[in-house]
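In what follows, a structure is listed as structure tokens, so that the remarks can point back to it.
Laboratory data are not the source of any read-out in this text; all were calculated from the coordinates shown. All values reported here derive from a predicted model rather than from experimental measurement. For neighbour counting, all protein chains shown are included, and Cβ atoms are generated from backbone atoms with ideal geometry for every residue, glycine included.
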Amino acid sequence: MARIAYLRDQLARAERLAKAILDRQTAEQLQAFAAECREELQVLSRRAAA
């Protein structure tokens, strides 16, 4: 469960930073990282529910 909380925190931070940053390349990298966190979070949430 600690990993799920960590991923939720990182996801929120990455999305928040991506909106605030003016550098397009950095914003895109943050959005990609958020997507990776979201995917892993879905997998872990499914495992926890099973």
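For this structure, a couple of remarks:
- All positions within the range 37-50 that are surrounded by fewer than 14 Cβ atoms within 10 Å (Cβ to Cβ), in a helix (DSSP H, G or I) and either without any contact (Cβ under 8 Å) to a residue 40 or more places away in the chain or of a type in the set (A, V, I, L, M) (or both): GLU39, GLN42, VAL43, ARG46, ARG47, ALA48, ALA49
- Residues that are surrounded by 12 or more Cβ atoms within 10 Å (Cβ to Cβ) and in contact (Cβ under 8 Å) with a residue 24 or more places away in the chain, drawn from the range 1-33: ILE4, LEU7, ARG8, GLN10, LEU11
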